Every structure is written in C-alpha cells, then in structure tokens.
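Structure record follows, encoded as structure tokens.
The values are calculated or read from the model by the stated rules, or taken from the named source; none is laboratory data. Note that the structure is a prediction, hence the values are computed from the model and not measured. In this analysis, Cβ positions are derived from the backbone assuming ideal geometry, glycine residues included, and neighbour counts consider all displayed protein chains.
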C-alpha cells in the first residue's frame, strides 16, 4: 500500500487560532443536553461555530489572528451569538473540562468522521464526555514545528496545572484538579507525544501508522500537542476548557509566546528553564501530578528526583516568554496570564461552589454564571 508523504503548509507569521469546547446545558436542570443539532440550524455553513464529537458540545473557533487579543475578540462575538440562540432553545452553556454531575453516556454527533470513530472505539466513544481548549500557533516550517513540539514536552505539565478545571465526574469529587485526563487516558493515541528529530522523521511515523491501520490520517492522533500540517500550525491540546474568556485569553497568550520562544531559542536558553532529556517515567509522573494537584503539584526537574513547586516553574516560564511578548504583540495577554497565576484556579472555584451550595448543581450554576461575565 502506497502512502503519500504529508506536506507541512508553512505559516510565514506566528499566527494564532483557538478552539474552545463548551458544554450545552438544559437551562432548568443544568444537566448536559444533546442540543448541538438544533443549535447548528442557526449557524448554517459557518466555520466558527461547530459541532464536535458528542452532541452536548459546541465548539467555538476563532479566525486566524495576529495575536490572542484578536482571537479572543472573535470568540466573544460567537459566544454572544450562541448564548442568544441557546436561550431560544431553553439551553445555556458553560466551560469546564468535565460536567460536574451528568451520569449518562454521550450521544455521538451523526457526522461521517465521528460515526467512523464511534465504530472503531465502541462503548469507549460514549464515555469520552470531556471539553478542552486548543491553541494553534503558526510555524514557519515542519522542522520548526517539530522542534517546538519536542521542546514543549517538559512544559506540558505547566499548562495542565494552570488550566486544570475538571475536579468532578458524575457527581463525585474525584480528588483530581483535572480529571479529564484520566477519562481520556483510555483512548488510543492520547497523552504525551514521542520526540522526533525533524519533520521527515514525523512524516515517516505518519506513513507507518497509516500503513498499519493504526490511524487513517493525522487527526486520529490525540496527543497533548501535535503538528497540524494542513493549517501549518503546532496545536496545544492539553488544557481543560476554560470557564471564561479572560482565562482563555491568558492561556492562549502564554501558549503562543512559549511555543514561539521554544521554536527559536538556543538549547542553552531552554535548559535554564526546562529540564532536558528527562526519562519518560518522570515526564509521565509530572503530567499525572499536574492533573492531580493542579497548581499545588511538585515538578520533578532532574534525573535525581529533585522537585520544585509547579507554580515556580510556571512563573519562570512566563519570565522566559517576556522577551518575545512585545515582538509578537502579546504584552496584554501575558499580563493576564500573570494575573491568572495569582487567582483561584478553575478547579478551586468549582470545589468552593460545591462547598457553598452542597450540591453538584451549584457547581454547574457557578460555571453558567461565569461564562456570561
């Protein structure tokens, strides 16, 4: 079987695009509702309001933007539109990595690709009721995208901790800041990516994976970060769905600045803020602890087991980004991410809402209110 080589479409500027997956709620019960089909009747042919794998999810996609400010402004327009239409359908929306109390299985959106995924994964497809924030950053070449991806692997725990927003699952306090990762761990081709030397080696992997029927195309790869050759981007997929646009703004700016910095910095510069050549088991442990403890996690920084608070690591990464922030017009966004680091994180706000109301419904009510403001 002949498999065609995958070409990377270069992006001459480090543009940015965002995908924000939101939960569709019944306006009375605040449980998830399978409302994407009637909602999409209001948005025929649009590329910015889209269905996703499960029918209780709507995805807002920004236009290709010069910076996070413009991307978030575009998302705000789409959010206002879907809030209005959802009211007409007796629905509402919220942002979080998981729903706090929904117990039923998901209905799959009846589109060809999603039906194929359901056929390939069976019952597993109906349990993947999760929501995330994805960030695409334009790369000048496939080699640059692969270099940035490999360099970013040790920093993925920082994004998981900072965005952690899924402490509840089916009405239970899971003890995890980002339980979404445990749900997705059952899926194939998920989690930390392997390292590749260059675009040629990544393309060789893709051709082998297709030839072996492991995947049909690169979209079947659901790593925390992956190149997107059609768009000419590097796509960060590790983050929970944010609860409001302010959080989206900070996370997107941070992701864009760090990807650009890691694509162009020297090995010596990178080694000052991120550990190099950690064993795979340490990288997996860092990732697990970030999802478990969020901003309270400890980050293992060397092969001897030395560890530091993930908050300190994030702070140093923010400082590392500042030299490029002004150059790529992300000064405002980086100010927001510094504020996020000092505010109660998403998972903590959910836990506090549960403590105040003593029900998981009170968590959904807080999330619904957060997205409006």
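So the check is Cβ under 8 Å with 6+ separation or different chains; which pairs have a first residue in the stretch 72-85 that's more than 20 Å from residue 252 (Cα to Cα) and a second one that's surrounded by fewer than 15 Cβ atoms within 10 Å (Cβ to Cβ) and modelled with pLDDT under 95?
83/372
Tally the residues that are touching a strand residue (DSSP E or B) at 6+ places or on another chain (Cβ under 7 Å), crowded, with 18+ Cβ neighbours inside 10 Å and under 30 Å from residue 105 (Cβ atoms), restricting the search to the stretch 8-30.
Qualifying residue count, the stretch 8-30: 8.
Regarding the stretch 64-74, can at least one residue be identified that is under 22 Å from residue 365 (Cβ atoms) and under 21 Å from the mean Cα position of the chain (by Cα)?
From the stretch 64-74, those under 22 Å from residue 365 (Cβ atoms) are none; that's our starting set.
The answer is no, given that none of the residues of the stretch 64-74 is under 22 Å from residue 365 (Cβ atoms) and under 21 Å from the mean Cα position of the chain (by Cα).
So, residue 5, is that one over 23 Å from residue 129 (Cα atoms), surrounded by fewer than 19 Cβ atoms within 10 Å (Cβ to Cβ) and touching a helix residue (DSSP H, G or I) at 6+ places or on another chain (Cβ under 6 Å) or not?
Working: over 23 Å from residue 129 (Cα atoms): yes; surrounded by fewer than 19 Cβ atoms within 10 Å (Cβ to Cβ): yes; touching a helix residue (DSSP H, G or I) at 6+ places or on another chain (Cβ under 6 Å): yes.
Against the criterion (over 23 Å from residue 129 (Cα atoms), surrounded by fewer than 19 Cβ atoms within 10 Å (Cβ to Cβ) and touching a helix residue (DSSP H, G or I) at 6+ places or on another chain (Cβ under 6 Å)), residue 5 qualifies.
If you go through the stretch 217-252, how many residues are outside any strand (DSSP E or B) and either within 27 Å of residue 73 (Cβ to Cβ) or modelled with pLDDT of 95 or more (or both)? Spell out the reasoning first.
To start, the set of residues in the stretch 217-252 that are outside any strand (DSSP E or B) comprises 217-221, 224, 229-232, 241-252.
From what's left, either within 27 Å of residue 73 (Cβ to Cβ) or modelled with pLDDT of 95 or more (or both): 224, 230-232, 241-252.
So the count comes out to 16.
How many residues does the stretch 162-199 hold that are free of Cβ contacts under 8 Å to residues at least 12 places away in the same chain and either out of contact with any strand residue (DSSP E or B) (no Cβ under 7 Å at 6 or more places or on another chain) or surrounded by fewer than 16 Cβ atoms within 10 Å (Cβ to Cβ) (or both)? Working first, answer last.
Taking the stretch 162-199 and keeping what is free of Cβ contacts under 8 Å to residues at least 12 places away in the same chain, we get 172, 174, 185, 194.
From what is left, the residues that are either out of contact with any strand residue (DSSP E or B) (no Cβ under 7 Å at 6 or more places or on another chain) or surrounded by fewer than 16 Cβ atoms within 10 Å (Cβ to Cβ) (or both) are 172, 185, 194.
Summing the residues that are free of Cβ contacts under 8 Å to residues at least 12 places away in the same chain and either out of contact with any strand residue (DSSP E or B) (no Cβ under 7 Å at 6 or more places or on another chain) or surrounded by fewer than 16 Cβ atoms within 10 Å (Cβ to Cβ) (or both) in the stretch 162-199 gives 3.
Mind listing whichever residues of the stretch 289-308 are part of a helix (DSSP H, G or I) and buried (at least 18 other Cβ atoms within 10 Å of the Cβ)? Steps first, please.
Just the residues of the stretch 289-308 that are part of a helix (DSSP H, G or I), to begin with: 289-296.
If the condition is that a residue be part of a helix (DSSP H, G or I) and buried (at least 18 other Cβ atoms within 10 Å of the Cβ), then 289, 290, 291, 292, 293, 294, 295 are the ones that fit.
In the stretch 253-268, which residues are touching a strand residue (DSSP E or B) at 6+ places or on another chain (Cβ under 7 Å) and either surrounded by fewer than 20 Cβ atoms within 10 Å (Cβ to Cβ) or not in a helix (DSSP H, G or I) (or both)?
Those that are touching a strand residue (DSSP E or B) at 6+ places or on another chain (Cβ under 7 Å) and either surrounded by fewer than 20 Cβ atoms within 10 Å (Cβ to Cβ) or not in a helix (DSSP H, G or I) (or both): none in the stretch 253-268.
Taking residue 115 and the conditions (1) more than 30 Å from residue 14 (Cα to Cα); (2) in contact (Cβ under 8 Å) with a residue 24 or more places away in the chain; (3) touching a strand residue (DSSP E or B) at 6+ places or on another chain (Cβ under 9 Å); (4) surrounded by fewer than 20 Cβ atoms within 10 Å (Cβ to Cβ), which numbered condition does it fall short on, given that it satisfies the others?
Failing condition for residue 115: (2).
Would you mention how many residues in the stretch 5-56 are assigned to a loop (DSSP other than H, G, I, E, B), within 30 Å of residue 139 (Cα to Cα) and without any contact (Cβ under 8 Å) to a residue 12 or more places away in the chain?
Result for the stretch 5-56: 2.
Check the stretch 62-69 and report whether any residue there is in contact with a helix residue (DSSP H, G or I) (Cβ under 7 Å, 6 or more places away or on another chain), buried (at least 21 other Cβ atoms within 10 Å of the Cβ), in contact (Cβ under 8 Å) with a residue 60 or more places away in the chain and part of a strand (DSSP E or B).
So far as the stretch 62-69 goes, no, none of its residues is in contact with a helix residue (DSSP H, G or I) (Cβ under 7 Å, 6 or more places away or on another chain), buried (at least 21 other Cβ atoms within 10 Å of the Cβ), in contact (Cβ under 8 Å) with a residue 60 or more places away in the chain and part of a strand (DSSP E or B).
Which residue out of 122, 97 is touching a residue at least 12 places away in the same chain (Cβ under 8 Å) and either buried (at least 17 other Cβ atoms within 10 Å of the Cβ) or over 15 Å from the mean Cα position of the chain (by Cα) (or both)? First the steps, then the outcome.
Working: 122 fails: touching a residue at least 12 places away in the same chain (Cβ under 8 Å).
Of the residues listed, the single one that is touching a residue at least 12 places away in the same chain (Cβ under 8 Å) and either buried (at least 17 other Cβ atoms within 10 Å of the Cβ) or over 15 Å from the mean Cα position of the chain (by Cα) (or both) is 97.
So that you can scan it fast, the table gives a plain yes or no per residue for (1) assigned to a loop (DSSP other than H, G, I, E, B); (2) within 18 Å of residue 132 (Cα to Cα):
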{"residue": "149", "(1), (2)": "no, no"}
{"residue": "152", "(1), (2)": "no, no"}
{"residue": "160", "(1), (2)": "no, yes"}
{"residue": "193", "(1), (2)": "yes, yes"}
{"residue": "202", "(1), (2)": "no, no"}
{"residue": "209", "(1), (2)": "no, no"}
{"residue": "215", "(1), (2)": "yes, no"}
